[in-house]
Amino acid sequence: MSEVNPMRPYLGTLVGTKPLATGIRLFQVELNDPEEREKFSVWRPGQFLFFSVLGVGEAPFGFANIPDPQRGPVIEVAINKVGHVTRAIHALPLGATVGIRGPLGNYFPLEELKGQNIVVLGGGIGGAPLRPVIQYILRHRDDYGHLTIIWAARSPDLLVFTDEYDEWRSAPDTEMHVTIDRPAEGWTGNVGLITEILEKVAPSPENATAITCGPPIMIYFVGKTLGKLGFSEDQMLTTLEARMHCGIGKCGRCNLGEKLVCKDGPVFWQSEISTFLESFL
Amino acid sequence: MIEDIRALARELLEKGAVECVIGYEVGPTGRVRPAFVYEPGEVERLIFDGRCDQNLVTYLTRRNKPRKKGEEVPTTAVVVKPCDARSLRVLLNEHQVQRDKVYIIGVACPGMQNADGTPELRCTRCDQRVPLLYDALCGEPPEVPTVRDAYEDVQQIEALPLEERLAYWLGELDRCIRCYACRQACPTCFCSVCEAERDDSLWVGIADRIPEKAFFHIIRAFHQAGRCTECNACEAVCPMGIPLSLINRKIAKDVAQMMGGYRAGESDEPTPLVTMLTGEEAIDEIH
Amino acid sequence: MKFIEIRALHEWLDRLAQEMTLIAPTAVGPQEKAPGSRNPAAQGQQVFYRQVEGAAQIAWDFTRTALSAREHFMPKTETLFTIETGPDGKAVLHETKLEQPRVFFGIRPCDARGLRVLDAVMLGQEPADVYYAQRRENTTLVGLACPQMWEDCFCNSVGGAPDAADDVDILLIQVEGGFAVQVVTEKGERLATGMGLQEVEGLELPQPKLNEQFALPTQQQWLASFNDVYWQRVGDRCLSCRICSYVCPTCRCFDVRDETVVTPQGERIVRRVRAWDSCQGVNYRVQAGGANPRANLEQRLRNRFYCKYYYVPIDYAADGCVGCGRCVTACPVNIDIREVLQDLARREPA
Amino acid sequence: MSGDGFEPRIVAFLCNWCSYAGADTAGVSRLELPPNILPVRVMCSGRVSAEMVLKALLSGADGVLVLGCHIGDCHYGSGNHRTVKRIPLLRRLMTYMGIEPDRLRLDWVSGAEAGRFAKITTEFVEAVRALGPLSLPLREEL
């Protein structure tokens, strides 16, 4: 057998978990083997991993953090309880052994975007893969221009990473807008779809790139609104999701036309998506 | 008969009474297959003869949904043989198909034939030559004797010693490749998510092993209890040639014997497996 | 030209079966014809590639096997690893062990060509699939040329031939009294040393009878046809079963799940298994949260044709279809890939 | 207990309102009950699907016992009308497929019939013991 078996997960330990929103928790995993930890210590915003509950199954998730030199390579993922694997993940006790495969897929080309203004648009759990983008920009704050964060959810209880908003807001040259789809009791902030607030905030397309993640329908309409604001399709980045079983272009599951979400993505320019044979909707 | 079907199909399409007529055609390589005719000019494609053994009622549940949210369900005309009509009756009983969205082109059935021209076995034990329900009937009732089904094939298996029966079924089911063609071809298998395909493997996993395959086939057959009309669609599509209808026919035989002579699709009554006792049952296996 | 007599071949195969795993075409299932069915699969025994114990079990007179050679390289189900609890209470993974060396005898040229497609997908790009790789490495392919193209075959239209030696290690072609033998690769040479081949001068090879060749659609025609109502019309009669995918030598989609089983001895075994899957299944593309970009049947049917003729060539630089004709024969509603290809090829490029 | 050491594993589906209560009464009355029974409480014997019976057999049970209220006494009126059709039909199908019919038994036990519960379970365990373990190829193999 050749040296690396891409279907075999690294074993790790669940070292922390906290609630993020209704049905959504953040899970922190540390790999057990020091050598594997070393190999795994570099991943980039936008990449994904497979999280296994051994005996139940595995599912793909985007990284919700960037490697932190201070805290060591702790992997964070935000997981919404929707299927049998995610239900099992939510039921894991601290200290449980889990499997991790990755890092997989391409990533947001943040190096290339240096010097630009960045607009980050996250909807619901779609905020999770954007958190490393924000972390990266804040860590390399001087390399980037103005940062606009627009965060949305259906209702206040579905907003993720609320305890970090103050930190993000107070970062230099950064603005943040939070909105929910429908009015809710006790909510005094913005109400309206992410597209509405995006139009109101109206970030300038001048030397800017917008990075979007959310449900397919949101990605579609945010793209339209950005277009209205003058963003070209080469200034819009998004990350897509798909059911997959390998993450390395073998299982055939995640294709959209000839593009494989796992191998050619999950990060795509809107200009690429527009040329896809098959719609992601 | 073919001319009757074509004329009727043309009339229905011209009037706009139906969106589509489902019948049979001969494909470019000479094989008979289901045909979906949308244009009056294309009705010449339609044929009917002893090779038209597919059960077209299978397609109705799929067509009985609006194509887009808010759109109306289109009306479909379908060519049905007496056996297919029983499947349709089951679907109507179970509210899977709206009666006013189907135009039933009944055919007086001469019986289907094997590739070598001999009559299909199921047609030699058929006691219906005219469908029990139709909107229009094409063809004259043929002079073919109707026969009461004695379930001789099932009795042959029943007569085997227990171990031989197990060996027989394990041998047959071992060839199954879990392609689900039996389920897909079956008019009364219409669940949107089959329990054999649940993501959480609640009942069966994804493996191609005997326990999984036996479970799938036994349960699939059992779900057809009192609903299977013995149309043979499952067996006719099996790429591994597994005699699946022998399982369904066993259940049909027992349902009839134990539950007051009930036969699926012959009345408006739903399967007795979901109704209360009426006192006509002959259930003997309680200890 | 090298030659082997039938008897010598049988003796060699009998010896091989003793020394290693021998896979060969063999007849399976009930002998008698199913009473009363138009089903082509129920007309007596079907031939499969299976492990055999000697030449006597080999079916020599067959057209093509019911399932392709794929099942021996990407099994319908395989265990990727078992998950055990170590003495410290921590999980330990045990990967599936290496398999014994195998000889795959009697593989048809189209099936061998199918492995080229699977190679491109499973091995052609890093990281390679180790399970497929080990089976591939351990297997020597001894091909058996088709004396003619069978009903529904179209290998000659997609670049193959009934007697192509391109993808086997050794090719046998039936001639008077035995087989002409072409040793193609080094792996084949190593195996052929034990065969006892004779050198025969002027051996004349038969010309297999070919089916009529047809032209394939161009890339432009594929591109222009994607959103055509044509797919709805073909999809009308599709049953959305998986026969076409499962008989195909080049389909490779799989599903992975964990399962726990209890042995008759009461031991619990937890393992991760991989099994065949098909893009024709309703839930194939459903995402977490329920979105399904391929919810309609015609979208799924279309995906299979595009996968073979458009996606695989672009993604893996391989031809996705070998023209074995199995899906044509096996489709219960006569969805004929040859008909689809010719319909598209007749179109004006947009 | 037996000479060859085979102890059958029996899954018993017990209706909440009658048979489970009957089992309880049997326990409280300190009747002698076979230890081979794995009780599964269901709200009605009509809940016991063919899937549940088969899954039990394929997952290691050597026999399955379904106990419900007597006909006419169903808490829900007619839940056991379905049971009385379904289980015998399944039993016939199992037999047809080559599984011994005596591995599946349907019977009625009311909340007061503690003695009847003890008698049925003991009888059933002995019947399955006589049959031996369920034929292996049907079990989840490796």
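The values are calculated or read from the model by the stated rules, or taken from the named source; none is laboratory data. Note that this is a predicted model, so its numbers are computed, not measured. For neighbour counting, all protein chains shown are included, and Cβ atoms are generated from backbone atoms with ideal geometry for every residue, glycine included.
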If C:Met20 satisfies every condition in (1) at pLDDT below 95; (2) farther than 22 Å from C:Asp111 by Cα but one, which is the exception?
(2)
From the residues in the stretch C:207-253 that are farther than 30 Å from C:Ala161 by Cα, part of a loop (DSSP other than H, G, I, E, B) and in contact (Cβ under 8 Å) with a residue 40 or more places away in the chain, which one is nearest to the chain's Cα centre (by Cα)?
C:Ser240
Does any residue of the stretch C:190-199 turn out to be crowded, with 19+ Cβ neighbours inside 10 Å and within 23 Å of C:Arg116 (Cβ to Cβ)?
yes
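Matching residues to (1) in contact (Cβ under 8 Å) with a residue 60 or more places away in the chain; (2) surrounded by fewer than 22 Cβ atoms within 10 Å (Cβ to Cβ); (3) within 12 Å of chain B (Cβ to nearest Cβ):
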| site | (1), (2), (3) |
| --- | --- |
| C:Ala291 | no, yes, no |
| C:Leu297 | yes, yes, yes |
| C:Cys324 | yes, no, no |
| C:Val328 | yes, no, yes |
| C:Pro332 | yes, no, yes |
Hey, B:Thr61 under 30 Å from C:Arg338 (Cα atoms), hydroxyl-bearing (Ser, Thr, Tyr) and not in a loop (DSSP other than H, G, I, E, B) or not
yes
Counting just the residues of the stretch C:61-94 that are without any contact (Cβ under 8 Å) to a residue 24 or more places away in the chain and of a type in the set (Asp, Glu), which one comes out surrounded by the most Cβ atoms within 10 Å (Cβ to Cβ)?
C:Glu71
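On the basis of being acidic (Asp, Glu) and away from chain A (no Cβ under 14 Å), does B:Asp174 make the cut?
Considered against the rule, which asks whether it is acidic (Asp, Glu) and away from chain A (no Cβ under 14 Å), B:Asp174 comes out as yes.
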Residue pairs qualifying under the 8 Å Cβ cut-off, at least six apart or on distinct chains, with the first in the stretch A:133-156 being assigned by TED's automatic domain parsing to the domain that holds A:Val42 and the second being aromatic (Phe, Trp, Tyr), are none
Looking across the stretch D:84-102 at residues that are of a type in the set (Lys, Arg) and under 15 Å from the mean Cα position of the chain (by Cα), the single one that is nearest to D:Val11 (Cα to Cα) is D:Arg91
Condition (residue is away from chain B (no Cβ under 11 Å), modelled with pLDDT under 95 and surrounded by fewer than 17 Cβ atoms within 10 Å (Cβ to Cβ)) applied to the stretch D:53-70: is it met by at least one residue?
no
Kindly evaluate C:Val282 against the criterion of being surrounded by fewer than 21 Cβ atoms within 10 Å (Cβ to Cβ) and free of Cβ contacts under 8 Å to residues at least 40 places away in the same chain.
no
Which ranges mark the strands (runs of 3 or more DSSP E) fully within the stretch A:15-79 that have 1 or more residues being within 14 Å of chain C (Cβ to nearest Cβ) and free of Cβ contacts under 8 Å to residues at least 40 places away in the same chain?
A:57-62
May I ask you to list the residues in the stretch B:125-134 that are more than 14 Å from every other protein chain (Cβ to nearest Cβ) and either closer than 17 Å to B:Asp153 by Cβ or without any contact (Cβ under 8 Å) to a residue 40 or more places away in the chain (or both)?
B:Asp127
So which residues in the stretch A:91-118 are of a type in the set (Gly, Ala, Ser), on the phi < 0 side of the Ramachandran plot and part of a strand (DSSP E or B)?
A:Gly99
Exactly one of A:Ile197, A:Ile217 is within 14 Å of A:Val119 (Cα to Cα), within 22 Å of the chain's Cα centre (by Cα) and modelled with pLDDT under 95, and that residue is A:Ile197
Any residue at all in the stretch A:47-56 that is within 25 Å of A:Lys81 (Cα to Cα) and surrounded by fewer than 21 Cβ atoms within 10 Å (Cβ to Cβ)?
yes
Away from every other protein chain (no Cβ under 14 Å) and either surrounded by fewer than 21 Cβ atoms within 10 Å (Cβ to Cβ) or touching a Gly at 6+ places or on another chain (Cβ under 7 Å) (or both): is that true of A:Gly83 in this structure?
no
Where in the stretch C:18-109 are the strands (runs of 3 or more DSSP E), entirely inside, with at least 3 residues that are under 19 Å from C:Cys324 (Cβ atoms) and of a type outside the set (A, V, I, L, M)?
C:46-51, C:102-107
If a residue must be within 11 Å of chain C (Cβ to nearest Cβ), over 21 Å from C:Ile337 (Cβ atoms) and not in a strand (DSSP E or B), how many such residues does the stretch B:17-38 contain?
1
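Does A:Leu26 satisfy being of a type outside the set (S, T, N, Q), modelled with pLDDT of 95 or more and buried (at least 19 other Cβ atoms within 10 Å of the Cβ)?
yes
Results for (1) over 18 Å from the mean Cα position of the chain (by Cα); (2) free of Cβ contacts under 8 Å to residues at least 60 places away in the same chain, shown as yes or no for each residue.
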| position | (1), (2) |
| --- | --- |
| B:Lys81 | no, yes |
| B:Arg89 | no, no |
| B:Gly111 | no, no |
| B:Cys123 | no, yes |
| B:Pro141 | yes, yes |
| B:Tyr151 | no, no |
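Of the residues B:Cys186, B:Cys191, which is more than 21 Å from D:Met94 (Cβ to Cβ) and at pLDDT 95 or above?
Checking each option against the conditions leaves just B:Cys186.
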Count of residues meeting criterion [within 23 Å of B:Ala7 (Cβ to Cβ) and either without any contact (Cβ under 8 Å) to a residue 40 or more places away in the chain or within 14 Å of another protein chain (Cβ to nearest Cβ) (or both)] in the stretch B:91-109:
5
Of (1) more than 11 Å from chain B (Cβ to nearest Cβ); (2) crowded, with 17+ Cβ neighbours inside 10 Å; (3) out of contact with any helix residue (DSSP H, G or I) (no Cβ under 9 Å at 6 or more places or on another chain); (4) more than 28 Å from C:Ala120 (Cα to Cα), C:Gln46 satisfies every one except (1)
Could we say that B:Glu172 is assigned to a helix (DSSP H, G or I) and more than 30 Å from B:Cys83 (Cβ to Cβ) here?
no
Based on what the data block shows, is B:Ile283 surrounded by fewer than 17 Cβ atoms within 10 Å (Cβ to Cβ) and assigned to a loop (DSSP other than H, G, I, E, B)?
yes
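Out of B:Pro142, B:Pro211, I need the residue that is at pLDDT below 90 and within 14 Å of chain C (Cβ to nearest Cβ). Which one?
B:Pro211
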Check on C:Val340, surrounded by fewer than 22 Cβ atoms within 10 Å (Cβ to Cβ), aliphatic (A, V, I, L, M) and at pLDDT 90 or above
yes
Conditions (1) assigned to a helix (DSSP H, G or I); (2) within 11 Å of chain A (Cβ to nearest Cβ); (3) crowded, with 18+ Cβ neighbours inside 10 Å -> C:Gln134 fails only (3)
